[in-house]
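The values are calculated or read from the model by the stated rules, or taken from the named source; none is laboratory data. All values derive from a computational prediction rather than experimental measurement. A quick note on method: Cβ atoms are made from the backbone with ideal geometry, for glycine too, and the neighbour counts reach across all protein chains shown. Side chains are part of the model used for accessible areas, which takes the heavy atoms of the whole protein and leaves out ligands, DNA and RNA. Shrake-Rupley method; radii C 1.70, N 1.55, O 1.52, S 1.80 Å.
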Amino acid sequence: MADRFRLVDLVDARIDEFISDRSSIILSIGPDLAPLTDFSRRFLSGGKRFRALFCYWGWQSVAGREGFDPFADVSETDLDSVVSAAAALEIFHAAALVHDDIIDNSDTRRGSPAAHRLFESTHLESGWAGDADAFGRSSAILLGDLLLGWSDELLDVGLEPLGRDRARATRAEFMHMRTEVTAGQYLDILEEQAWVRQQESEMRSRAERVIVYKSAKYSIQAPLLIGAAIGGSTLDQRAALRDFGLPLGIAYQLRDDMLGVFGDSAVTGKPSGDDIREGKRTVLVALARERLAAGPRNVLDELLGDPTLGDEQVRMLQRTLTECGAVDAVEALIEDQVSLALAALEGSTLTRAAIDELTALTKTVTRRSS
């Protein structure tokens, strides 16, 4: 557990140093660009740093030695590279969240206004001409693009000291992740619109595909493989990390989907039932539709995705999802995926210390309340 805090501190310091350096470039152009740097800092502060942790332990799982201090007894070059890659993942994640909130028309993120709402407020408070909502969205898109570029820059800075082969392998994993998560995001918005024309028998499998490419690979599997690439992993080690990371990533997103419907807004920082109002066609919804009679299923389809739903309507849909058995089915799926993930660690050539920490992280990411 102490290692987690030390890694998070190192990543936070690297992000702060990098943003400060890039902010000086932005502000040299003019003081009216300050919101770009101020909002960047806001969206990069806090957070659970799960991707950074999985990146670090992906590295430790192949490069670590048993019975040593993972921060004191390693190559400073490798540690700097891992910290930079982990920080780059967090900046990439912040960019994805900024864009995701625009796509989902979300008002809040972690209990505070989403980026496009912050820019909208700046417009309104300043009394500028034009449409405040349009300004907010346009500015947030640019902020997300800026963060995407910065994540690439920071990754490249971290890879410079590595040998060519490890740097190339790490960059390939990072680029592969970017492609897959963008495809997954498109699949997510596609399902919200196209489900009416899809075969009933395919809805669950299509929802599962969204989970795999929007979240499971991006949140856990890819960070593990990026860290492992820095450590010079073998084929067997990469296979073990893939076999561990994918089911755990699925379990992670299934928990996230549950929190999107039932989470306490005071803990999650998002309104309770937000995914219902946004019309997310999750595995939870697909399982409910399989279990509901025609009447209740039609009601679910009619109300899902209505942003004007009141709290009582949301509570009614929450009861529907629970009483039909869909919630219990998702909980069972989470347990099954966790079992698959842990089984992948058994007999692997990953370091014992990393296996122990990855086992502990498995509980953390699948039993969380936010």
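Filtering Arg110, Arg117, Arg166 for residues that are modelled with pLDDT of 95 or more, in contact with a Gly (Cβ under 7 Å, 6 or more places away or on another chain), within 24 Å of Gly279 (Cα to Cα) and open to solvent by 10 Å² or more (accessible area, probe 1.4 Å) leaves a single hit, Arg117. Every condition in (1) in contact (Cβ under 8 Å) with a residue 24 or more places away in the chain; (2) out of contact with any Ser or Thr (no Cβ under 8 Å at 6 or more places or on another chain); (3) open to solvent by 50 Å² or more (accessible area, probe 1.4 Å) holds for Val267 except the one numbered (2). Exactly one residue out of Ala88, Ala96, Ala134 is in contact with a Leu (Cβ under 6 Å, 6 or more places away or on another chain) and at pLDDT 95 or above, and it is Ala88. Only a single criterion out of (1) open to solvent by 10 Å² or more (accessible area, probe 1.4 Å); (2) in a helix (DSSP H, G or I); (3) farther than 22 Å from Phe18 by Cβ; (4) among the small types (Gly, Ala, Ser) is not satisfied by Gly136, namely (1). Against the condition out of contact with any Gly (no Cβ under 9 Å at 6 or more places or on another chain), buried (at least 18 other Cβ atoms within 10 Å of the Cβ) and farther than 19 Å from Ile103 by Cβ, how does Arg238 come out, does it pass? So Arg238 fits the description; yes. Just one of the numbered conditions (1) at pLDDT 95 or above; (2) open to solvent by 20 Å² or more (accessible area, probe 1.4 Å); (3) part of a helix (DSSP H, G or I) is not true of Leu361: (2).
Inside the stretch 349-358, can you point out the residues that are surrounded by 18 or more Cβ atoms within 10 Å (Cβ to Cβ) and in a loop (DSSP other than H, G, I, E, B)? Hits for the stretch 349-358 are Leu350, Thr351.
Looking at (1) modelled with pLDDT under 95; (2) crowded, with 20+ Cβ neighbours inside 10 Å; (3) more than 15 Å from the chain's Cα centre (by Cα); (4) not basic (Lys, Arg), which one does Ala2 not meet, given that it meets all the others? Only one criterion in (1) modelled with pLDDT under 95; (2) crowded, with 20+ Cβ neighbours inside 10 Å; (3) more than 15 Å from the chain's Cα centre (by Cα); (4) not basic (Lys, Arg) is unmet by Ala2, namely (2). When you scan the stretch 186-200, do you find a residue that is in contact (Cβ under 8 Å) with a residue 24 or more places away in the chain, open to solvent by less than 10 Å² (accessible area, probe 1.4 Å), over 20 Å from Ile102 (Cα atoms) and among the hydrophobic types (A, V, I, L, M, F, W, C), even just one? There is no residue in the stretch 186-200 that is in contact (Cβ under 8 Å) with a residue 24 or more places away in the chain, open to solvent by less than 10 Å² (accessible area, probe 1.4 Å), over 20 Å from Ile102 (Cα atoms) and among the hydrophobic types (A, V, I, L, M, F, W, C). Among the candidates Arg14, Arg49, Arg41, the residue that is at pLDDT 90 or above, on the phi > 0 side of the Ramachandran plot and surrounded by 12 or more Cβ atoms within 10 Å (Cβ to Cβ) is uniquely Arg49. Would you confirm whether or not the stretch 130-141 contains a residue that is more than 19 Å from Arg51 (Cβ to Cβ), of a type in the set (A, V, I, L, M) and without any contact (Cβ under 8 Å) to a residue 40 or more places away in the chain? Scanning the stretch 130-141 turns up at least one residue that is more than 19 Å from Arg51 (Cβ to Cβ), of a type in the set (A, V, I, L, M) and without any contact (Cβ under 8 Å) to a residue 40 or more places away in the chain. Going by what's in this entry, would Gly158 be described as open to solvent by less than 70 Å² (accessible area, probe 1.4 Å), more than 17 Å from Lys280 (Cα to Cα) and in contact with a His (Cβ under 7 Å, 6 or more places away or on another chain)? Spelling it out, it is not the case that Gly158 is open to solvent by less than 70 Å² (accessible area, probe 1.4 Å), more than 17 Å from Lys280 (Cα to Cα) and in contact with a His (Cβ under 7 Å, 6 or more places away or on another chain).
In this entry, Glu335 passes the filter for residues that are under 29 Å from Gly273 (Cβ atoms), more than 18 Å from the chain's Cα centre (by Cα), of a type outside the set (Ser, Thr, Tyr) and open to solvent by 10 Å² or more (accessible area, probe 1.4 Å).
What tally of residues in the stretch 338-348 results from selecting those that are under 20 Å from Gly64 (Cα atoms) and surrounded by 12 or more Cβ atoms within 10 Å (Cβ to Cβ)? Matching residues across the stretch 338-348 total 4. Checked against the criteria, Pro247 does not count as in contact with a Phe, Trp or Tyr (Cβ under 8 Å, 6 or more places away or on another chain), touching a residue at least 40 places away in the same chain (Cβ under 8 Å) and farther than 27 Å from Leu303 by Cβ.
Can we say Leu187 is in a helix (DSSP H, G or I) and more than 26 Å from Ala360 (Cβ to Cβ)? Taking the combined requirement at face value, the residue satisfies it. For the stretch 304-330, a residue qualifies if it is touching a Lys or Arg at 6+ places or on another chain (Cβ under 9 Å) and in a helix (DSSP H, G or I), and the qualifying residues are Val314, Ala326, Ala329, Val330.
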